[in-house]
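Undergrad: Sharing a structure, written as structure tokens. Questions coming.
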There are 2 protein chains.
Amino acid sequence: MIAALAGGVGAARLLRGMVEVMPPSDITAIVNTGDDTVLHGLHISPDLDTVMYTLADAINPETGWGLADETWRVMESLGRLGGVTWFNLGDQDLATHCYRTQRLSEGAGLGQVTAELARSWGVGIRLVPVTDDPLRTRLQLVDGPEVGFQEYFVRLHHDVAVSAVRFEGAEEARPGPGVLEALGTAEVIVVCPSNPVVSIGPLLAVPGMAQHLAGLRERIVGVSPIIAGAALKGPADRLLREMGFESSVVGVARWYAPWVGTLVIDEADAALAGAVESEGVRCLVAPTIMSSVERAATLSRTVLDAVG
Amino acid sequence: MIAALAGGVGAARLLRGMVEVMPPSDITAIVNTGDDTVLHGLHISPDLDTVMYTLADAINPETGWGLADETWRVMESLGRLGGVTWFNLGDQDLATHCYRTQRLSEGAGLGQVTAELARSWGVGIRLVPVTDDPLRTRLQLVDGPEVGFQEYFVRLHHDVAVSAVRFEGAEEARPGPGVLEALGTAEVIVVCPSNPVVSIGPLLAVPGMAQHLAGLRERIVGVSPIIAGAALKGPADRLLREMGFESSVVGVARWYAPWVGTLVIDEADAALAGAVESEGVRCLVAPTIMSSVERAATLSRTVLDAVG
């Protein structure tokens with residue numbers, strides 16, 4: 001059994017590779033919900049959906065988010081009405097949010113609803129939100145107010161300086177159904193190449209998670225989302241610096257050291273393997289750019305083989 | 001100045017005729033919100049939208065609800081996900097609900113949001129929800145539970161026996177911004193040919209409304225939604241009977257007598273004019289079937305001329 005800590009695009013790609021090399025039913029992905037937002041009354045879970053759509057081979061391959069063969073009738077009409085359109089929602093994608101919101105309003109938990117959606121989309125792995133409770137990543141802007149994650153990421157194109165990050169609701173949140181069990185029974189726990197601050201950070205902020213993970217450190221293998229000092233996509237490099245860490249595999253190792261036993265870094269960073277090990281983290285060097293499902297499969301084999 | 005008490009399709013048609021014979025800006029439509037529902041997290045106001053779309057000449061002329069040239073991508077996808085699809089929402093129509101829900105979540109009142117939507121849709125009359133407060137028509141089924149209006153009307157095709165109707169939230173509801181002012185300044189108050197029980201009923205249930213209207217009785221002109229004993233559309237005939245009234249223009253006159261001074265009945269019911277007057281309601285006979293905008297305009301002229 002394998003557990004994976006997952007954010008959005010990078011995690012989705014690694015998991016897509018993983019189902020090529022092992023039975024999907026042996027994999028549990030524990031997914032960030034700090035990105036979740038309510039817009040137009042709809043409960044949107046961007047990371048859960050990116051992983052789900054990617055595993056369903058339905059993701060838009062050009063953007064890495066949203067669905068292929070998507071249409072935009074609702075958003076076009078909403079634009080004509082002067083509505084909020086900075087967060088673009090395709091017509092088919094909207095059906096996912098409608099389904100989720102309705103089921104939540106009927107009293108179902110987010111984990112239950114996620115399982116139903118994953119089944120409908122034909123996803124074979126177990127997809128588990130880190131918590132069923134409200135958890136919201138909030139970023140304090142240097143030159144502005146505190147904003148929600150999607151405002152930062154989408155509306156402001158993460159092109160603004162951040163002085164602090166917090167996870168609203170984390171103190172009262174409980175690990176979702178199946179989360180601790182999946183971690184406890186996993187032979188390997190994979191930390192997907194997701195943003196350490198705002199994708200993996202919220203998972204650690206749920207009470208009990210950091211402690212639980214620290215006790216499983218030898219079975220935990222991370223993949224660095226930073227390659228040659230930069231994030232492939234998104235603001236991981238910038239946020240690491242803003243949190244006072246180096247934007248490098250060494251910074252990632254330092255950030256993860258309390259609970260990650262092994263870090264896989266890209267070949268481009270091979271020269272830094274020693275510095276990573278100096279942080280007390282075992283280091284493996286491998287190609288980590290997942291430009292195809294085959295490369296993702298190869299990387300996931302490396303990751304799975306990293307532990308005993 | 002004219003005020004109109006309005007439900008859905010019948011009201012929309014009469015108002016569409018009325019804007020042909022007088023300046024739209026002189027008309028305030030006070031619209032039922034007892035049909036409102038929240039589905040998929042979206043706040044849906046079917047009567048407000050039917051009136052708005054009709055006045056925008058955007059209504060689907062075949063169904064009388066929803067938009068012309070509509071597409072159904074979201075609902076098709078929602079069906080594949082096993083979601084709730086008995087209440088059909090077109091893609092462009094969904095944009096209206098997204099806009100409304102988002103604005104309400106930002107703290108705007110329903111009246112304010114309705115004004116914004118009406119402006120975007122190019123509606124010239126003033127469109128006012130009867131209340132900004134929650135008001136929900138609930139029907140007790142003879143052979144089943146109490147259900148919300150849309151469940152009764154759409155999911156059950158109003159093909160079930162009802163023993164009682166109540167308006168949840170009515171006791172705490174206040175007339176919406178502009179409602180009492182519009183009634184107070186109107187030379188004529190038109191009761192559109194809407195369902196007396198579940199379209200006009202909720203307007204009367206808002207505290208202050210029935211009393212206020214009773215004091216304006218001589219200026220109030222109703223159009224019977226019952227023609228030759230039957231409703232043109234919907235369950236008005238059935239519900240009148242279930243509430244213990246005749247399904248006829250005489251039953252309508254008796255139901256409305258406390259506050260309606262004049263009732264316009266269709267030529268088909270000319271023989272019942274005397275019986276209507278016996279209920280203490282002045283009676284006018286005219287063609288009331290609005291099969292075209294021209295006929296609706298002619299009817300609205302009759303209605304407007306009915307008072308002094």
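The values are calculated or read from the model by the stated rules, or taken from the named source; none is laboratory data. Note that the structure is predicted; figures quoted are calculated from it, not measured. For neighbour counting, all protein chains shown are included, and Cβ atoms are generated from backbone atoms with ideal geometry for every residue, glycine included. Areas reflect the complete protein model, heavy atoms only, side chains present, ligands, DNA and RNA absent. Shrake-Rupley method; radii C 1.70, N 1.55, O 1.52, S 1.80 Å.
Undergrad: Out of every Cα pair in region B:243-308, what percent are spaced more than 20 Å from each other?
TA: 28
Undergrad: Label B:Thr63 and A:Glu62 with points 7 Å out from Cα along Cα→Cβ: what is the distance between them in nm?
TA: Inter-label distance under the simple model: 3.1 nm.
Undergrad: Which percent, to the nearest 5, of DSSP beta bridges fully inside the protein assembly as shown are antiparallel?
TA: 40
Undergrad: OK, next. With contacts defined as alpha carbon pairs under 8 Å and 6 or more residues apart, what's the relative contact order of region A:47-198 in percent?
TA: Averaging sequence separation for qualifying contacts and normalising by length gives 18 percent for region A:47-198.
Undergrad: How high is the FRET efficiency between B:Gln211 and A:Glu181 when r is their beta carbon distance and R₀ equals 51 Å, given to the nearest 0.05?
TA: So the FRET efficiency works out to roughly 0.25.
Undergrad: Calculate, in nm to one decimal, what A:Lys233 and A:Ser105 gain on full extension: separation in residues at 0.36 nm each, minus their alpha carbon distance.
TA: 42.7 nm
Undergrad: Given points 7 Å out from each Cα along the Cα-Cβ axis, report the A:Arg80 to A:Ser292 separation in nanometres with one decimal.
TA: If labels sit at A:Arg80 and A:Ser292, their model points lie 4.4 nm apart.
Undergrad: Debye sum, Cα scatterers, region A:143-191, no solvent: what log₁₀ I/I(0) at q = 0.15 1/Å?
TA: -0.66
Undergrad: Can you tell me what share of the DSSP beta bridges in chain A is antiparallel? A percent to the nearest 5 is fine.
TA: 40
Undergrad: Angle between the Cα long axis of helix B:91-105 and the longest principal axis of chain B, 0 to 90 degrees, nearest 10?
TA: 90
Undergrad: Could you check which residue among A:Thr185, A:Thr114, A:Thr33 shows the biggest mean-square fluctuation in a GNM of chain A with a 10 Å Cα cutoff?
TA: Most flexible of the set in this elastic network: A:Thr185.
Undergrad: With +1 assigned to the C-beta of every Lys and Arg and -1 to the C-beta of every Asp and Glu, and no other charges, what is the dipole magnitude of region B:164-308 about the Cα centre in debye, to the nearest 20?
TA: For region B:164-308, the charge dipole is close to 80 debye.
Undergrad: How crowded by other chains is B:30-42, given as the mean number of beta carbons from other chains within 10 Å of each beta carbon?
TA: Mean partner-chain Cβ count within 10 Å for B:30-42: 3.
Undergrad: Something else now. Looking at the square roots a ≥ b ≥ c of the eigenvalues of the Cα gyration tensor of region B:133-246, which shape do they give, rounded for a/c under 1.5, prolate if a/b is larger than b/c, or oblate?
TA: Judged from the Cα gyration tensor, region B:133-246 comes out oblate (a/c at least 1.5, b/c at or above a/b).
Undergrad: Hey, can you grab everything whose amide H is under 5 Å from the amide H of A:Ala230? Only 5+ residues off in sequence or another chain; H modelled, so Pro and N-termini drop out.
TA: For A:Ala230, whose amide H was placed from the backbone, there are no distant partners under 5 Å.
Undergrad: Another one. Considering only the label points, 7 Å along Cα→Cβ from Cα, what distances in nm to one decimal separate B:Ala108 from the same position in each other copy, shortest first?
TA: Sorted ascending, the copy-to-copy spacings read 3.1 nm.
Undergrad: Here's another thing I want to ask about it. Angle between the Cα long axis of helix A:9-21 and the longest principal axis of chain A, 0 to 90 degrees, nearest 10?
TA: The two axes meet at around 70 degrees.
Undergrad: Another one. Can you give me the Cα centroid spacing of region B:1-55 and region A:50-94 in angstrom?
TA: When both Cα centres are located, 32 Å separates them.
Undergrad: Further, regarding this structure: Suppose every K and R has +1 on its Cβ and every D and E has -1 on its Cβ; what is the size of the dipole of region B:150-231 about the Cα centre, in Debye to the nearest 20?
TA: 120
Undergrad: Mind giving me the nanometre distance, one decimal, between the label points for B:Glu171 and A:Leu141, set 7 Å out from Cα along Cα→Cβ?
TA: For the pair B:Glu171/A:Leu141, the computed spacing is 4.6 nm.
Undergrad: Give, ordered by residue number, each residue of region A:86-119 whose 1.4 Å probe accessible area is reduced by a minimum of 30 Å² on adding the remaining protein chains to the chain alone.
TA: When all protein chains are present, A:Asp91, A:Gln92, A:Ala95, A:Cys98, A:Tyr99, A:Gln102 each give up 30 Å² or more of accessible surface.
Undergrad: Further question on the same structure: With the full set of protein chains in place, find how many percent of the accessible area of chain B is carbon and sulfur; take the probe as 1.4 Å.
TA: That share works out to 51 percent.
Undergrad: Taking every pair of alpha-carbon atoms in the protein assembly as shown, give the share separated by more than 41 Å as a whole percent.
TA: Of the Cα pairs, 39 percent sit more than 41 Å apart.
Undergrad: Continuing with this model, one more query. Using the scaling law 2.2 N^0.38 Å as the reference, what is the normalised Cα Rg of chain B?
TA: The reported ratio for this selection is 0.94.
Undergrad: What are the ³J(HN,Hα) couplings of region B:144-150, residue after residue, when phi is run through the Karplus curve with 6.51, -1.76, 1.60 and θ = phi - 60°? Round to Hz, x for glycine and proline.
TA: Result, rounded to whole Hz: x, x, 6, 10, x, 4, 5.
Undergrad: Average partner chain C-beta neighbours within 10 Å, per residue of B:68-76?
TA: The per-residue average across the peptide is 4.
Undergrad: Given contacts defined as C-alpha pairs under 8 Å and at least six residues apart, what's the relative contact order of chain B, whole-number percent?
TA: 20
Undergrad: Also: For chain B, modelled as a GNM with alpha-carbon contacts under 10 angstrom, which of B:Pro145, B:Pro23, B:Pro177 fluctuates the most?
TA: Result: B:Pro145 has the largest fluctuation of those listed.
Undergrad: From the label point of B:Met243, set 7 Å along Cα to the beta carbon, how far off in nm is each other copy's matching point, shortest first?
TA: 6.2
Undergrad: Considering the rotation that carries chain B onto chain A, locate the chain B residue whose Cβ comes closest to its axis and report the distance in whole Å.
TA: Nearest Cβ to that rotation axis, in whole Å: B:Gly41, 2.
Undergrad: With the other protein chains left in place, how much accessible area per residue, in square angstrom, belongs to region B:64-197 at a 1.4 angstrom probe?
TA: Accessible surface, normalised per residue, equals 41 Å².
Undergrad: Report, in deg cm²/dmol and to the nearest 500, the calculated mean residue ellipticity at 222 nm for chain B, where each DSSP H run with n ≥ 4 adds -39500 (n - 2.57) and the sum is divided by the residue count.
TA: -10000 deg cm²/dmol
Undergrad: Mind checking how much accessible area A and B bury in total, 1.4 Å probe, in Å² rounded to 100?
TA: Approximately 2300 Å² gets buried when A meets B.
Undergrad: If you don't mind, another one. Distances over 25 Å make up what percent of all Cα-Cα pairs in region A:1-146?
TA: Considering region A:1-146, 30 percent of its Cα-Cα pairs are separated by more than 25 Å.
Undergrad: Measuring nothing but label to label, 7 Å from Cα along Cα→Cβ, what are B:Gly184's distances to the other copies in nm, shortest first?
TA: Distances between equivalent label points, in nm: 6.8.
Undergrad: For region B:105-155, I need the span (max minus min coordinate) of the C-alpha atoms along each principal axis, in Å, sorted largest to smallest.
TA: Ordered largest first, region B:105-155 gives principal extents of 43, 22, 17 Å.
Undergrad: When chain A is modelled as a GNM with alpha-carbon springs shorter than 10 Å, which of A:Leu203, A:Leu110, A:Leu39 fluctuates the most?
TA: Ranking A:Leu203, A:Leu110, A:Leu39 by mean-square fluctuation puts A:Leu39 first.
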